[in-house]
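Inspection log for the structure reproduced underneath, given as structure tokens.
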Amino acid sequence: MAETLTHTETDNKDLWDGGKAPFKASYGKLMMWYFLLSDAFTFAGFLIAYGTLRVSMDTWPIPDKVFSTIPDIGLDIHNKPLYFVTFMTFVLLFSSYTMVRAVQEGHQENQKGVAFWMFLTIVGGAGFLGCQAWEWNTLINLEHMSITRSTFGTHGEAGVYLDENGKPNGEAFGPETSYLLHKIDVSTHDDHGHGDHGDHSHGDAHGAEAGHGDAHGGHHYAAPGDYKDAYVDEDGFIHRKFMVTEEGSVNKGQILHEPFGPKAFGALFFFITGFHGFHVASGLLFLLIIMINVMTGLYIKRKNGYEMVEKIGLYWHFVDLVWVFVFLVFYLL
Amino acid sequence: MGLSYEASKAIANKTIIILGIITISEVIFALLGKGYIIEGMHFPLIVISGVMILMSIVKAYLIVYEFMHMKYEVPGLVKTVILPTLLLVWAVIAFFWEGADWNKRRTLIKDKNQEPIGLIDNKASTQTGMLIKNIEQ
């Protein structure tokens, strides 16, 4: 059986002749490993697609700017790069640890211990999903991201923003500076409509922070149209205008407006974190079912050291393992 | 498992602490390298990426080998799972290579689009010729 694993005896010639378990793992556990192997390839495919598209573009939203909001706990919710996602990572790591403990208690045939640690695992997993829901909500409802639209963009060249008279306002930015396109509410045509929480953002080069909020504060883009300092499109997105100041650029001196970020970014982000979130959610469902089985005493009769807990444990650790790479690819690099 | 309950518990405790420390270091390194902690300080992209990827692989090793007990499995089982994943190394290299090439083409097309119109009108044949030549390079 699976729980008596040793590294010894491979000289046994009829090991593969049937009737024995050459890998010293049960069928279920072995197949869980191979399922996870195939799942690893699926995730790898997604993440490699992200990387390939990212290196194929000359600008890409800067993760520290995109993921820089935290829930309102009395602090400024903006300009907190990676804080929230680090918290999420720790929640998932913690639930992975409690899962290990549940498996260990299972080997001891300790029914109460297994149920207790599995319960904590479920709490951790649900907490992670809650964090992800908050993050998605912020991106979709406050920052107006969608699978076909990235409101986060990055300047390719240095420039300076224009004021309401169409003259440079001294708010300069360098290349590789990230910005967020804000949105007015086009449905009401209301003067208050331009505001949302994303306003004081997220944006902008070191030192240019203050100017950003002010430039918007005095303004009410009441309706879509071409303004001297911004172009407001049909959907109400404010594309601020700027003059390119990059030395040696063919665009030098031209007036341009901020474009949307790469389309692929939103789709990749929502699909990959969504696929991972789906794994977490289905893992939670299985954890819940198995925890109930543990509590009703089903696995006591099997006398196999709670092997079912071990199998769901493998799956749960895999979800954590995938998160290590999602965290690396989306947030750290 | 060849290990006693106490020993495996100790390993689990140790592993989770190491994983936590690595995660914290990753975040600090990312923020440090991009100038959030010390103003104006930037590490080259290759250094940041290299260190991050290395630390993530260490984390992956710890999760698979300790939490998922791969370390205590029969060598044959380990090989059937670990060896196929090595194919991904080539997948990463090949696709990034391709992606970098797309980037070159996008840049070339952008540059060509920005050339003054008069120049193309005067020497239309030369310009087209250059475009093809550049793509072939």
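Please treat every number below as a calculation from the coordinates, not as lab data. If you're wondering where the values come from, they're calculated on a predicted model, not measured in any experiment. A quick note on method: Cβ atoms are made from the backbone with ideal geometry, for glycine too, and the neighbour counts reach across all protein chains shown.
When you filter the GluC sites (Glu not before Pro) in region A:224-282 for DSSP loop state and at most 12 other Cβ atoms inside 10 Å of their Cβ, you are left with A:Glu234, A:Glu247.
Of all lysines in the structure, the ones whose alpha carbon falls short of 21 Å from that of A:Lys20, not counting any fewer than 8 places away in one chain, are A:Lys29, A:Lys303, A:Lys311, B:Lys79. Look at the stretch A:102-111: the mean tally of other chain Cβ atoms within 10 Å of its residues' Cβ atoms is 2.
Using alpha carbon coordinates only, what is the Rg to Rh ratio of region A:142-188, with Rh defined as the Kirkwood radius?
Result for region A:142-188 is an Rg/Rh of 1.06.
Sorted from longest to shortest, the spans of the Cα atoms of chain A along the three principal axes equal 85, 41, 32 Å. Site pair A:Asp17 and A:Ser282 shows an inter-label distance of 4.1 nm when each label is modelled 7 Å from Cα along Cα→Cβ.
With the charge dipole of region B:21-107 set up from +1 on Lys and Arg Cβ and -1 on Asp and Glu Cβ about the Cα centre, the Cα lying farthest toward the positive end among the listed residues B:Ile38, B:Phe96, B:Thr107 is that of B:Thr107. Once the Cα atoms are used to define both axes, helix A:83-107 deviates from the longest principal axis of chain A by about 0 degrees. Computed extension gain for A:Ser146 through A:Ser38, at 0.36 nm per residue and net of the alpha carbon distance, reaches 36.0 nm.
Counting Cβ atoms of other protein chains within 10 Å of each residue's Cβ and taking the mean over peptide A:225-235 gives 0.
Loop-located trypsin sites (Lys or Arg not before Pro) in region A:216-268 (DSSP state not H, G, I, E or B) with no more than 16 neighbouring Cβ atoms inside 10 Å: A:Lys228, A:Lys252. Only Lys, Arg, Asp and Glu carry charge here, each on its Cβ (+1 for the first two, -1 for the last two); on that basis chain A has a dipole of about 1700 debye about its Cα centre. Using only side-chain charges placed at the Cβ, +1 for Lys and Arg and -1 for Asp and Glu, the dipole size of region A:259-333 relative to its Cα centre rounds to 200 debye. Suppose only helical runs count, i.e. DSSP H with n ≥ 4. What mean residue ellipticity at 222 nm does that imply for chain A under -39500 (n - 2.57) per run, divided by all residues and rounded to the nearest 500 deg cm²/dmol? So the helix-based figure for chain A works out to -15500 deg cm²/dmol.
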